[in-house]
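No value in this document is a laboratory result; all are computed from the given coordinates. Keep in mind that what you see is a predicted model, and the values were worked out from it rather than measured. Because the Cβ atoms are built from the backbone with ideal geometry, glycine has one as well, and the counts that use them run over all protein chains shown.
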Amino acid sequence: MALNQPQNTLETSIEYLKGIGPKKGDLFREAFAIRKFSHMLSFFPFRYVDKSQYYAINELKNSGAEVQLKGTITKMEIQGAGRKKRLKAVFSDGQTTMELIWFRAADYIKKSIKLKKEYVIFGKVTLYNGQWQMTHPQMDLSEKVKENRHAVLQAVYPSTEKLNQAGVTNKSLSVSIFSLFEQVHKEIVEVIPPWVCEQYKLMNRKKAYFNVHFPQSHAVLEKARRRVIFEEFFFLQLALLQQKSFRKQKMNSYAFTKVGDFFNSFYKEGLPFDLTGAQKRVLKEIRADVFNGRQMSRLIQGDVGSGKTIVALLSMLIAMDNGFQASLMAPTEILAQQHYIGLQALLADFPVKIALLTGSSKVKQRRLIHEGLENGEIHILIGTHAIIEEKVKFKNIGIAIIDEQHRFGVAQRSKMWKKNARPPHILIMTATPIPRTLAMTSYGDLDVSVIDELPPGRKEVKTVHRYENNRLGVFGFMRGEIKKGRQVYIVYPLIEESSKLDYQNLMDGYENVLREFPNPEYQISILHGRMKPKDKDLEMERFVRGESQIMVATTVIEVGVNVPNASVMIIESTEKFGLSQLHQLRGRVGRGADQSYCILMSSYKLGEEAKFRLETMVRTTDGFEIAEADLKLRGPGDIMGTQQSGLLDFKMASLTKDKEELLLARAAAAELLEKDPQLNDPTAAKTREYFLRNYRKMVDWSQIS
Ligand code: ADP
Ligand code: MG
């Protein structure tokens, strides 16, 4: 180790690391974005093999287990020729023997093996014709093993084909990383303030990083991992919470100082029902936000059917009472349309002008809307993405509401910020329940309101699972419900709008339903992505008005659609749907006072995962429970989509497994910011430095969420 190391060894380019060099350096950059020494420190093993134990061959039990054995090679022989050539050897641990096999480099290996010398071998054992075998074992002479051993548990690192071919093995990588520690150990300084380390009993940083790569024992590894996970969560929470407090202190929006006629008269005379306690509470939270002049950035989480729309409307009325306009953006045309129709009906007797702007709005209509928005005639604009286009300008927008926000990218949302001199208040709504851990990271800088109460009189949707051979029974059940005046959805998977097979299935299903439910006794609507927007509207309207009893559709009806009289949801090929999608679909029924049903149709062949999804749906209607199950199955990145992947890109932490650490880290970050918002205290100097170097970008990013 050289003396007088410069202080920035951690910044050294990766190719200078022992055993790496320019070629492998390129491969590491390419495959894992590892460019410098510091990145390699956090190139974490994804598992460990326990080399603390030696097995005897006669105690082996599980085919497929990775084990370590000690013994000698007593015999070896090349068999076959050409591509079938292989080396077979007999390995004895003194009591029993097993067979070792090499399909590659047979000659070379045969030459390098020393008979009668003691070896330590490691690999996966399989039982074949009553005999234990190991293919391509790792082999080391016993006498060498003791010298080389850095740790009892040996790290296994992610790799790629190219890295393998370039000769990067776990072993060589361990040697490189060991030498990395020798070079940089002075620079691995503590970055979490000492009082936090003490309070949360964190292992010191250097020791933790070392032990993650070279664990001295299971117990130490566990503590080391906890520490690294805590650190990851801690800095992310610091970024999110700092952003939140910045917004609360500095981000000026418009103060809505009064509640006036628009709100009061609608509240007294227009509300078709009493608000639930949860709706009232959330409305209060919103009012408190918009009164103080700082920009509101609030997320409303409320399960399907919990009544978010009315809360949105009341918030918009408050904006109008203060001379502002409002917008409500929805992810699909159907949903935008529904909001438009629904709100117009609610506001029919009030002097409120609402407009609808979507991709299919006609040029002339569009021009009128643009005018109305700019001269302030239009109070509320409802629409799709079309709203955020630059051409769409408001006279004075004060609040922008985004429904089913998980459907939108961050960049799209941020465009609403620029629609007035100061950014308008932002209210985002989601019915996709998000597990708490995920919400805390993905929406960590937002204020969150939860509508955790359904309107009174709702009955839990009864859910059953049926196979294809029950179809006649299902049709019979539909007939009965339709006779009672109810309506039925039948949903087909059409994950890719372009999939011909899915489309064919939908059409076959439609024909089938037509035969079973003939005209004119029955009216059937159909809705899918290939239809013209105008035809879609027509079909949807027919169903909304109750003119058709059955709606055969793809997942275009997934979010938001509200037809309270529909009481049966039949899902075809349920195994093709994800959990959150199923939950959304089921949420389309159970919106009125009648008992509703969800029938999950599936084929007989179900994989483990599909079975689990079906069972979960039958067992519970609790959105949060379903969300937790979904998170376990799919992982956070998938659930949030690529838009959030930066934030969820943890190197070690897991949102499903490390909940406790997340809560602790968030609490610690909050406490630190409360004491020292700018991290100016000398005890936080390193924290600040590390934070600015690694998390500044993230803070900038979350400015726009
Ligand atoms: P979501 O939260 O899924 O967007 P909606 O706002 O569409 O739910 O509301 C679902 C249904 O419940 C609508 O028909 C709505 O009129 C009705 N609703 C909302 N709030 C109440 C309430 N407090 N009492 C009775 N019905 C309500
Ligand atoms: Mg809704």
Give me the one-decimal nm value for the distance between modelled label points at residue 344 and residue 650, 7 Å along each residue's Cα-to-Cβ direction. 4.8
State the Cα centre-to-centre distance between the range 508-527 and the range 250-324 in whole Å. 43
With N residues in the range 38-111, what two-decimal value do you get for its Cα radius of gyration over 2.2 N^0.38 Å? 1.47
Modelling each spin label as a point 7 Å along the Cα-to-Cβ direction, I'd like the residue 141/residue 479 distance in nm, to one decimal. 8.5
Using the Karplus curve 6.51 cos²θ - 1.76 cosθ + 1.60 with θ = phi - 60°, what ³J(HN,Hα) values do you get for each residue of the range 375-385, in whole Hz, with x for Gly and Pro? 8, x, 5, 7, 8, 10, 10, 10, x, 9, 3
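Is the range 462-620 rounded, prolate or oblate when judged by the Cα gyration tensor, a ≥ b ≥ c being the square roots of its eigenvalues, rounded requiring a/c under 1.5 and prolate requiring a/b larger than b/c? If you can, show how the numbers build up before the last one.
On the way: a/c = 1.40, a/b = 1.20, b/c = 1.17.
Note, shape of the range 462-620 comes out rounded.
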Are there GluC sites (Glu not before Pro) in the range 506-542 that DSSP puts in a loop and that have at most 10 other Cβ atoms within 10 Å, and which ones? 521
In deg cm²/dmol and to the nearest 500, what is the mean residue ellipticity at 222 nm of the chain if only DSSP H runs of at least 4 residues count, each as -39500 (n - 2.57), divided by the residue total? -12500 deg cm²/dmol
Calculate one ³J(HN,Hα) per residue across the range 60-71 by plugging θ = phi - 60° into the Karplus curve 6.51 cos²θ - 1.76 cosθ + 1.60, and present them in order as whole Hz with x for glycine and proline. 5, 10, 9, 5, x, 6, 8, 9, 10, 10, 10, x
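Compute the relative contact order of the chain as a whole-number percentage, counting only Cα pairs closer than 8 Å that sit 6 or more residues apart in sequence. If you can, show how the numbers build up before the last one.
Details: 1184 pairs, mean separation 91.5, N = 705.
That works out to 13 percent.
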With everything on Cα atoms, drop me the angle between helix 170-184 and the longest principal axis of the chain, reported from 0 to 90° to the nearest 10. 80
Cα long-axis angle, helix 333-346 against the chain (0 to 90 degrees, to the nearest 10): 40
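To the nearest 0.05, how large is the calculated FRET efficiency for residue 657 and residue 620 if R₀ is 25 Å and r is the Cβ-Cβ distance?
Details: r = 22 Å, r/R0 = 0.87.
Computed FRET efficiency for residue 657 and residue 620 comes out at 0.70.
Using a cut-off of 12 Å between beta-carbons, work out the net charge of the residues near residue 230 (Lys and Arg +1, Asp and Glu -1, residue 230 not included).
Details: positive: 201, 205, 223, 225, 226, 227, 666; negative: 231, 232, 658, 660, 661.
That works out to +2.
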Note the angle between two axes, namely the Cα long axis of helix 659-675 and the longest principal axis of the Cα atoms of the chain, as a number of degrees from 0 to 90, rounded to the nearest 10. 70
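If R₀ is 35 angstrom, what is the calculated FRET efficiency for the pair residue 160 and residue 471, using the beta carbon separation as r and rounding to 0.05? Walk me through the intermediate numbers first.
Values: r = 48 Å, r/R0 = 1.37.
Using R0 = 35 Å, I get an efficiency of 0.15.
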Rough spin-label spacing in nm, given labels placed 7 Å along Cα→Cβ, for residue 375 and residue 245: 4.9
Cα centroid separation, the range 70-118 to the range 547-582 (Å): 61
From the phi of every residue in the range 585-598, what ³J(HN,Hα) in whole Hz does the Karplus formula 6.51 cos²θ - 1.76 cosθ + 1.60 yield, where θ is phi - 60° and glycine or proline is x? 4, 4, x, 6, 10, x, 9, x, 8, 7, 5, 10, 9, 10
